[in-house]
Amino acid sequence: MTSGGTDVLPPLIDHHTHSVVIADLTPDAFRSLLTESDRAPVADPFDSALGLAVRRWCPPALGLSEHATADAYLSRRRALGPAEATKRLLGAAGLSTLLVDTGLVAAAGHPLLPLPELSALAGAPVHQVVRLESVAERLAARAPAAADWSAALTEALTAELAGALAVKSVLAYRHGLDIPAERPSPAEVIEAAGRFLVDQPARLTDQVLLRQLLWTAVDLCAERRPALPIQFHTGFGDPDLTLHRADPALLTPFIRAVEPTGVPLVLLHCYPYHRQAGYLAQVFPHVYADTGLTLNHVGPRATTVLGELLELAPFGKVLASTDGYGLPELHLAGAAQFHHAVADLTWQWRRAGACTAVDGERLALLLAEENARELYHLP
């Protein structure tokens, strides 16, 4: 790939992403999607490593020179219209398959595109990743009896999994990854479900029910042949996350407990704990990792961060994703950042005599496509 022009990037299986909005976003609304914060920004989000990445990779897809100013870029985007801009940006991302977490339904006050429409604009097949906590919260709205909670959850999750390639947990947001590894007892689940169904909070945060939800997912994923992977958000994210409790190393007891089931566990994003994730991927055969959200946000440091993950992680255990959400720019910049980081890293390794050109090409293919194809059993 080159650093400029409008060429479509090499194929990439985006194994964890979200949908986009088709709306005439105001400049402020656009900028709000260039940060993980849900607060009004004090400084311009374009003046960040992510902003640099967007201005580097996205303007050529809209007919501008790379590094166009933010104002020039937003003006061109408005002139093209949201549908045309989105089609160009997603098309330039070169995504061959998208695995979409459907737990989010809106961005900047606008609905996210349904999966068939996202697939049409991206020019690629789209598959669902079921967000576990959303299933439990929808079930609570139907108010089953506390004694029936476990059976009802199993039934609801079984139905959701029928068309999915994976499930995802946002345990890091709802409690933190530092939970006991063992399954809760039936009595504990009934008691916790009783409280949850009476209180009807908008979000599931009860530790007992979160553990029971995870183990229900493990059991159902293990029943599938081959087993379905479970993705975990780890590392940085929105302000309602407490960062030190999102360290993937905190999941180690649960990882050990799940190992006999054969269910793959995928650690998403991971920063600033990507080295811990690399270690876990090395020592546990069922653990995988990516730096999806991270490579966009660290901008010019993407090569360094990816290299730090690959210090310990086996090359066959690392995946590529954009974690694009709301803005199609995040899909394009995420894919471009990944390809550039891999190319830059392997060039450094070749220059140092650490690998051959064939090794570098093999690494790029594994991370971009082959690892995800094997893990998710894609055609």
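Just checking, does the range 80-98 include any residue being within 19 Å of residue 36 (Cβ to Cβ) and in contact (Cβ under 8 Å) with a residue 24 or more places away in the chain? Within the range 80-98 (the criterion being within 19 Å of residue 36 (Cβ to Cβ) and in contact (Cβ under 8 Å) with a residue 24 or more places away in the chain), the answer is no, since none of the residues qualifies.
A quick yes/no check of all residues on (1) of a type in the set (A, V, I, L, M, F, W, C); (2) in contact with a Phe, Trp or Tyr (Cβ under 7 Å, 6 or more places away or on another chain); (3) under 19 Å from residue 30 (Cα atoms); (4) surrounded by 21 or more Cβ atoms within 10 Å (Cβ to Cβ):
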residue	(1), (2), (3), (4)
90	yes, no, yes, yes
98	yes, no, no, yes
103	no, no, no, no
106	yes, no, yes, no
117	no, no, no, no
128	no, no, no, no
135	yes, no, no, yes
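Among all residues of the range 296-303, there is at least one that is surrounded by fewer than 24 Cβ atoms within 10 Å (Cβ to Cβ), under 18 Å from the mean Cα position of the chain (by Cα) and modelled with pLDDT of 95 or more.
Scanning the range 258-295 for residues that are touching a residue at least 40 places away in the same chain (Cβ under 8 Å) and surrounded by fewer than 18 Cβ atoms within 10 Å (Cβ to Cβ) turns up 261, 262. Of the helices (runs of 4 or more DSSP H) entirely within the range 290-379, those holding at least 1 residues that are in contact with an Asp or Glu (Cβ under 8 Å, 6 or more places away or on another chain) occupy 292-297, 302-309, 328-351.
Comparison of 177, 153 shows that the only residue that is farther than 14 Å from residue 131 by Cα, aliphatic (A, V, I, L, M) and either touching a strand residue (DSSP E or B) at 6+ places or on another chain (Cβ under 8 Å) or part of a helix (DSSP H, G or I) (or both) is 177. Checking each residue in the range 52-72 for being without any contact (Cβ under 8 Å) to a residue 60 or more places away in the chain and either more than 19 Å from residue 339 (Cβ to Cβ) or surrounded by 18 or more Cβ atoms within 10 Å (Cβ to Cβ) (or both) picks out 55, 59, 60, 62, 63, 64, 68, 69, 70, 71, 72.
Scanning the range 320-332 finds one or more residues that are farther than 24 Å from residue 166 by Cα and at pLDDT 95 or above.
The values are calculated or read from the model by the stated rules, or taken from the named source; none is laboratory data. Just so it is clear, the structure is predicted and the values come from calculations on it, not from any experiment. Positions of Cβ are generated from backbone atoms using ideal geometry, with glycine treated the same way; all protein chains shown enter the neighbour counts.
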